[in-house]
Amino acid sequence: MTDLHRAVPHMLIVGAGAIGSYYGSKLHRAGARVSFLCRSGGDMLRETGITIDSLHEERFHFHPQRVLMAGEPCPEPVDYIVLTTKVLPGISGVDIIRPYLGEQTVIVLIQNGIDIEVPYRQAYPEHEIISVLAFVCVSRLSPGKILHQDYGKLALGNYPEGKTPYLEALVELLRLGGVTCEVTDRVQEARWRKLVWNASFNTLSVLGGGVDTAQLLADEESCQLVRQVMEEVCLVAAAEGHRLVPSIVDEQIEHTRVMTPYKTSMLLDYENRRPMEVEVIAGNPMRKARLHGLSVPRLEMIYRLLRLQDAQRRRQRG
Ligand SMILES: NC(=O)C1=CN([C@@H]2O[C@H](COP(=O)(O)OP(=O)(O)OC[C@H]3O[C@@H](n4cnc5c(N)ncnc54)[C@H](OP(=O)(O)O)[C@@H]3O)[C@@H](O)[C@H]2O)C=CC1
Ligand SMILES: CC(C)(CO)C(=O)C(=O)O
């Protein structure tokens, strides 16, 4: 047993937004020491802590071990550094985490998108990376105030593949905190499966003029478009060596039909005039398709239109 597996591990969560606060609360419940690294709102968090209100779980309130502002040194070693920012070209997770990495700090990414691990693998080849997919609907109402609407399962695996004792230790903690965890030794395939949903529903919810999942599926033409985008993503995944079962398209559509109508995280970002995760959700798969010489006309169009929307929003924000 290394000192990383201390009885009470120290987790530094980068980003006190919806995902960071929600899963941070679960790790806190499990007895871990949970600190946050914030870009804004740090004073408020230190004073009032974090409250999770949920439509399905009991209200939970906690005070983080430490609240650091970006760049502020951390006086104690970090066992797991957990990135939960949006994945955007303007945010360099690689640079943000540098001051906090000890020799054995494990890098954990709870974020959407494809190939998000690559910059970390390149910058920190010696560090273990755990890649995590969140199946949850949660949002931050204001600093320290989180609303959990639905679900909460995590799928986790080591990047690029496999399962290590550090992964198992993290999963044990999360389960103790009440999180359902699915452990996989093929996390990249799991990312592609999730992308089938995100690359279709997230993007079309914005380009469709601000529609929720139910509205997208209620209309036969837009439902057909969802399906076609999903099929294109499966094509790229297969070229990358991840053969997803063909029934995934029907399964995801039928599963979404019975979900409470949901506004995707990309739509919430668009409505709130925040930058959207266009590159990792639409850009990266489209670039992979180009590398393999595949024709994915819908993905291409979605990517180009979303880039325009995003740039227009940036201009409006000034
Ligand atoms: N919310 C959800 O239901 C789901 C989200 N996801 C994915 O999870 C990831 C996180 O999403 P979510 O939690 O919703 O996003 P939020 O916008 O709620 O939170 C992101 C947080 O990161 C912070 N941040 C940004 N830059 C920095 C920085 N340089 N240093 C420290 N903190 C920083 C932001 O700070 P500030 O307060 O200043 O803005 C914000 O608090 C995304 O990839 C998303 O796609 C996946 C599944 C579901
Ligand atoms: C699939 C979902 C809804 C998380 O469960 C999501 O990833 C999102 O809204 O971006």
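The values are calculated or read from the model by the stated rules, or taken from the named source; none is laboratory data. The structure presented is a predicted model; accordingly, all values stated were derived computationally and were not measured. Every residue, glycine among them, receives a Cβ derived from its backbone with ideal geometry; neighbour counts consider all protein chains shown.
Restricting attention to segment 5-20, the residues being assigned to a helix (DSSP H, G or I), within 10 Å of ligand 1 (Cβ to nearest atom) and under 19 Å from residue 106 (Cα atoms) number 2. Scanning segment 114-142 for residues that are of a type outside the set (A, V, I, L, M) and either closer than 14 Å to residue 280 by Cα or in a helix (DSSP H, G or I) (or both) turns up 115, 117, 119, 120, 121, 122. Scanning segment 29-52 for residues that are in contact (Cβ under 8 Å) with a residue 60 or more places away in the chain and part of a loop (DSSP other than H, G, I, E, B) gives 30, 31, 32, 40, 41, 49.
Do the conditions hold for residue 166, that is, is it touching a residue at least 60 places away in the same chain (Cβ under 8 Å) and among the hydroxyl-bearing types (Ser, Thr, Tyr)? Yes; evaluated as a whole, the condition is true for this residue. Taking segment 32-88 as the range and being of a type outside the set (A, V, I, L, M) and touching a helix residue (DSSP H, G or I) at 6+ places or on another chain (Cβ under 6 Å) as the test, the residues that pass are 60, 62, 74, 79, 84. The helices (runs of 4 or more DSSP H) falling completely within segment 212-269 that include 2 or more residues that are of a type in the set (Val, Ile, Thr) map to 220-239, 248-257. Within segment 197-209, at least one residue is of a type in the set (A, V, I, L, M), within 11 Å of ligand 2 (Cβ to nearest atom), surrounded by 15 or more Cβ atoms within 10 Å (Cβ to Cβ) and within 21 Å of residue 306 (Cα to Cα).
To keep it simple, each residue is scored yes or no on (1) assigned by TED's automatic domain parsing to the domain that holds residue 26; (2) of a type in the set (S, T, N, Q); (3) within 14 Å of ligand 1 (Cβ to nearest atom).
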{"position": "44", "(1), (2), (3)": "yes, no, yes"}
{"position": "59", "(1), (2), (3)": "yes, no, no"}
{"position": "85", "(1), (2), (3)": "yes, yes, yes"}
{"position": "88", "(1), (2), (3)": "yes, no, yes"}
{"position": "91", "(1), (2), (3)": "yes, no, yes"}
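Close Cβ contacts (under 9 Å, 6 or more residues apart or on different chains) running from residues in segment 89-102 that are part of a loop (DSSP other than H, G, I, E, B) to residues that are away from ligand 2 (no atom under 16 Å from the Cβ) and among the aromatic types (Phe, Trp, Tyr) comprise 101/124. Only residues that are closer than 21 Å to residue 121 by Cα, among the hydrophobic types (A, V, I, L, M, F, W, C) and in a strand (DSSP E or B) were counted in segment 153-203, giving 3.
Scanning segment 72-88 for residues that are under 29 Å from residue 266 (Cβ atoms) and assigned to a loop (DSSP other than H, G, I, E, B) returns 84, 85, 86, 87, 88. Could you tell me whether residue 105 is more than 16 Å from ligand 2 (Cβ to nearest atom), of a type in the set (S, T, N, Q), at pLDDT 95 or above and crowded, with 20+ Cβ neighbours inside 10 Å? Yes; evaluated as a whole, the condition is true for this residue. Residues of segment 235-294 that are out of contact with any Ser or Thr (no Cβ under 6 Å at 6 or more places or on another chain), hydroxyl-bearing (Ser, Thr, Tyr) and surrounded by 14 or more Cβ atoms within 10 Å (Cβ to Cβ): 265, 270.
For segment 135-144, state whether one or more residues are free of Cβ contacts under 8 Å to residues at least 60 places away in the same chain, closer than 26 Å to residue 38 by Cβ and within 16 Å of ligand 2 (Cβ to nearest atom). Yes: one or more hits. The conditions are (1) touching a Cys at 6+ places or on another chain (Cβ under 8 Å); (2) buried (at least 16 other Cβ atoms within 10 Å of the Cβ), and residue 70 fails exactly one of them. Which is it? The failed condition is (2). Restricting 211, 229, 258, 196 to those that are away from ligand 1 (no atom under 16 Å from the Cβ) and either aromatic (Phe, Trp, Tyr) or farther than 24 Å from residue 55 by Cα (or both) reduces the list to 229. Please work out if residue 275 is within 16 Å of ligand 1 (Cβ to nearest atom), touching a residue at least 24 places away in the same chain (Cβ under 8 Å) and not in a helix (DSSP H, G or I). Yes: the conditions hold for residue 275.
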